[in-house]
Amino acid sequence: MLVLAASAAGQASGQAARPVAIGGVLQSAALETRVLGGVENIAVWTLPRVGVSVRNDPRDVRLLYGNRELRYRPADAGGAGWTALGFALTTPLPAPEILNGSLYISLQTLQLLGVRLLSDAPDVLDFAAPAVVPTSTLPPSPVTAIPTPPVATPPPTPPLTELRPVPMPPSPLQPPAIQPIVVQPIPVQPSPVQPSPVQPITVTPTLPALAHLGTVRVSRTLHRKVEVQRVVLELSALAPYSVVREKTGLSVTLPRVSATASAQELPSGDRLSVEPTEAGTTVRLNTGGGTSTLFTLDNPDRVVIDTTTQLDTSVPPPLDPDAVPAGVTYRQKGLLHLLSFDSALYQPRVVSAPSGKASDVAALVRGVGGVAGVNGGYFDPASALPVDLVVAGGLMTAPSLERRATIGFTAQGSTLFGYPKPRYLLTGPFGSLTVNSVSSKPRPDLLTAFVGNGSTPVGADTLTTLYVGLGGSTVLSALTGRVTPPAGTLSVTFDPARFPQLPRTAGQPLNAALSWRADDAPWNTALDALSAGPLLVQGGQVALNPAREMFDTGTNLWRATRQVALGVMGGQATIAYFEHGTPEAFAAALAGAGVRDAVRLDSGSSATAYLTGGYANLGAYLNTVWSRPVPNAIVFVPRTAPVVPELSRR
């Protein structure tokens, strides 16, 4: 197993804090790293989740991983900073820091402990899942007594000897002789030039190499217009590394790893150099763009750098079959591509852009936190309004033509197929009335329903508008003239002279419900629905009948083009994309692949099948050309938190 260290050295260059994943599963925001003093740090309390036993005491820090341990005791607690057990501490480490009551240590500390990392990407730090998660706190560090040197006993002081004056014979007095004074010039000697003191040169002994970088392998794969370049650094033995990310690429530092210097231009045009020094080896990769992800492999030990670059944004990025979310199954059979979704993990929903607006499918998916989506039904390109049934959350926002195949979804994720003819039904003391129209433009001779969006007005000077709750029992508001219903509010506008039996004031009894008027499926359980057509497959057999649904096969609607559908395969809701062909060819391919039921959606220039993720999170499209914006889509939304794709390939 190759032990990998987090890229603490790379974070000093200004990189922001990152989310943390363990075993490919994204953790809560509380576990994110923090950049303190230009160094990326992680909270000590999170370390047991990656297999590190800890003592979370700022005056006595202990970190134990396998047979390696690091201890920290500040000087004011009688310590000398960081000390290591089980290995030599050759690299200085920053002191722990406290932020918002939590104790943080640098990622370089985990590097020295040898904590394994699956992926080191700009947007996530993914640790390997540990075999065991420690549950107990380490005891206090053992206190080692400092030996006191013995005090030397001074030798005994000898006894003092009395000093007596020595008698001197008297000298005869002589008159002083007058000596001439001769002034001799004192030669001035030049001051000698003092040499500068020689500074001692500290020579750091070179430590023996941990490993040798023997081979660098490079491969390049093109997926449509997305390039994936892999650089593999093959090592002779286990060794840590650190990463510094730069605007033009990155550098990987391998301390105490030997290598032979080299430089080359890769097939992609990137520049790769290997630069050995006394301290180790630095590998520089100048990509000039793209997104690089690092991970490790073992047997033999390798560091892998994957760089993904979108070479042409005019072509949609493709799906990465090796990195689809959990619970999503991808299949390809010739021109047919299928994405199936586990109903225990994902709920299909009909999602719409604001009324009168169109949006790309990816934006509709991201707007509700979905993982995938396919464009919905037919619409008028001039107004961006649907031309057939749309139901979302039990509210019918666009009326049905009452002749086209319809897809419905229950709260349990079941998919319904059939030909319902839904209408709003009003009931009260007066009996019942069927609402004839769904529109923001009421007609005095009809009952007109509209689901408010917060900006579109309804009503007229001589008409009354009631706000009602779907499934409620009373009128919420009764208004006259032009009014703007709040978003999500069902309104019914009518001429009081024509419908005198309806309430005129708030609080009066009135019930509004959606009557599906069909028995070919349990439509009363549907929360969302969308009509398109034709029905392609039913019960595993081709079921095309354009005359029944009043399709003109002589128009462009029936031409050979790229096609999309929503079906069921193996009990799972399935998005189907057909690269090119007629509805007949599409239906035959679906039945041949084992799809049980399927309805075609708006195809041709609208056909879009989108999945989140993809190469370097560029997004993934089954369609090979960009499609036009659409007013609605069928989106698969996680039932709980989104499932994170695997962040590494092994």
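Read-outs throughout are calculated quantities, based only on the coordinates presented, and are distinct from any laboratory measurement. Computed from a predicted model, the values in this text were never measured in an experiment. A quick note on method: Cβ atoms are made from the backbone with ideal geometry, for glycine too, and the neighbour counts reach across all protein chains shown.
Please state the charge dipole magnitude for region 375-445, taken about the Cα centre, from unit charges on C-beta atoms (+1 on K and R, -1 on D and E), reported in debye and rounded to the nearest 20.
Dipole magnitude for region 375-445 comes out near 80 debye.
Between SER477 and VAL232, what length comes free when the chain is fully extended (0.36 nm per residue of separation minus the Cα-Cα distance, one decimal in nm)?
Here the answer is 81.4 nm.
Could you work out how much longer the chain between ILE98 and THR505 gets when fully extended? Use 0.36 nm per residue separation minus the Cα distance between them, nm to one decimal.
140.3 nm
For region 268-319, what does the alpha-carbon gyration tensor say about shape, rounded, prolate or oblate, given a ≥ b ≥ c as the root eigenvalues, a/c under 1.5 as rounded, and a/b over b/c as prolate?
oblate
Need one word for region 423-515: rounded, prolate or oblate. Basis is the Cα gyration tensor (sqrt eigenvalues a ≥ b ≥ c); a/c below 1.5 gives rounded, then a/b vs b/c decides.
rounded
Between VAL368 and LEU401, what is 0.36 nm times their sequence separation minus the Cα-Cα distance? Round to one decimal in nm.
9.1 nm
Quick one: if the Förster radius is 41 Å, what FRET efficiency do THR215 and ALA88 give, using the C-beta to C-beta distance and rounding to 0.05?
Once rounded, the FRET efficiency stands at 0.90.
Run the simple label-point estimate for SER515 and THR624 please: 7 Å along Cα→C-beta, distance reported in nm.
Result: 5.0 nm between the two label points.
So how strong a dipole does region 326-388 carry about its Cα centre when Lys and Arg Cβ are +1 and Asp and Glu Cβ are -1, to the nearest 20 debye?
Once rounded to the nearest 20, the dipole reads 180 debye.
Would you mind giving the average projected area, over all directions, of the Cα convex hull of region 241-356 in nm² with one decimal?
13.2 nm²
If each of SER136 and THR553 carries a label point 7 Å out from its Cα toward its Cβ, how far apart are those two points in nm?
Roughly 7.8 nm, to one decimal.
Over the Cα atoms of region 395-465, what Rg and Dmax result, in angstrom?
Both quantities, over Cα of region 395-465: 14.8, 44 Å.
Treating the Cα atoms of region 501-591 as identical point scatterers in vacuum, please give the log10 of the normalised Debye intensity I(q)/I(0) at q = 0.18, 0.24 Å⁻¹, two decimals.
Taking Cα atoms of region 501-591 as identical point scatterers yields -0.93, -1.37.
Project the alpha carbons of region 8-127 onto their principal axes and report the range along each, largest first, in whole Å.
Extents along the principal axes, in whole Å: 39, 28, 25.
Can you give the charge dipole size of region 424-549 about its Cα centre, rounded to the nearest 20 debye, using +1 on the beta carbon of Lys and Arg and -1 on the beta carbon of Asp and Glu?
Here region 424-549 has a charge dipole of around 280 debye.
Which one, LEU479, ALA616, GLY289, is farthest towards the positive end of the dipole of the chain when Lys and Arg carry +1 and Asp and Glu -1 on their Cβ?
Going by the charge dipole, the pick is LEU479.
Largest first and in whole Å, give the semi-axes of the chain's equivalent ellipsoid, each being the square root of 5 times a Cα gyration tensor eigenvalue.
Semi-axes from the Cα gyration tensor: 79, 32, 24 Å.
At a threshold of 8 angstrom on Cα-Cα distance, excluding pairs fewer than six apart, so keeping six or more, what relative contact order does the chain reach in percent?
14 percent
Starting from the Cα gyration tensor of region 292-392, take the square roots of the eigenvalues, sort them a ≥ b ≥ c, and report rounded, prolate or oblate (rounded when a/c is under 1.5, otherwise prolate if a/b is larger than b/c, else oblate).
Since a/c reaches 1.5 and a/b is larger than b/c, the shape of region 292-392 is classed as prolate.
Among THR309, VAL243, GLY269, whose Cα lies farthest out toward the positive end of the dipole of region 221-310, if unit charges sit on the beta carbon of Lys, Arg (+1) and Asp, Glu (-1)?
THR309
Residue farthest toward the positive end of the dipole of the chain, with Cβ of Lys/Arg at +1 and Asp/Glu at -1: which of LEU107, VAL228, LEU544?
Of the candidates, LEU544 comes out farthest on the positive side.
Under a straight-distance cross-link criterion of Cα-Cα below 29 Å, which lysines are reachable from LYS357, leaving out those fewer than 8 residues away in the same chain?
Filter leaves LYS421, LYS441.
What's the longest uninterrupted piece of the chain once you rule out the GluC sites (Glu not before Pro) that are loop residues per DSSP with at most 12 other Cβ within 10 Å?
Free of exposed loop sites, the longest segment is 279-650.
Which whole-number percentage describes the relative contact order of region 8-127, with Cα contacts under 8 Å and a sequence gap of 6 or more?
Computed value for region 8-127: 26 percent relative contact order.
Hand me the trypsin sites (Lys or Arg not before Pro) from region 543-580 located in a DSSP loop with no more than 15 other Cβ atoms within 10 Å, in residue order please.
ARG548, ARG559
Restricted to Cα positions, what overall size does region 29-98 have along the principal axes? Three whole-Å values, descending.
Cα extents, longest axis first: 34, 27, 22 Å.
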